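The values are calculated or read from the model by the stated rules, or taken from the named source; none is laboratory data. From a predicted model like this one, the values you see are computed outputs, not experimental measurements. Neighbour counts are summed over all protein chains in view; Cβ atoms, including those assigned to glycine, are modelled from backbone coordinates with ideal geometry.
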Amino acid sequence: MRNTIIALAALGAVAGCTTAEQSAVVGGVGGAAIGGLATGRASGALIGAGAGAVAGYLVGKAASPGYCLYEDRRTGRRYEARC
């Protein structure tokens, strides 16, 4: 139960990120889980997390080509728009 709460809090923290950043987080978590289960070691989880994060970022970046992240100077709000 505790791990589920931590995972939900981590996903909530990236809610304001770009699609590529969100995909990287999800890929990293999934890669860590698969690497940890496959090897039964922390080093396998770390390698899986790195590989999953890179793959997730690349997939997320390809999902929204031509968009950049901007920040409104007055309000500090971040948003995506065409580059």
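Which count do you get for residues in the range 36-83 that are over 25 Å from THR19 (Cβ atoms) and either polar (S, T, N, Q) or at pLDDT below 85 (or both)?
Number of matching residues: 3.
Tally up the residues in the range 35-83 that are assigned to a helix (DSSP H, G or I) and either closer than 16 Å to VAL25 by Cβ or in contact (Cβ under 8 Å) with a residue 12 or more places away in the chain (or both), please. Spell out how you get there, then give the answer.
So in the range 35-83, the residues assigned to a helix (DSSP H, G or I) come out as 35-39, 42-63.
With the extra rule that they be either closer than 16 Å to VAL25 by Cβ or in contact (Cβ under 8 Å) with a residue 12 or more places away in the chain (or both), the set shrinks to 35-36, 45-61, 63.
Residues that pass the stated criteria total 20.
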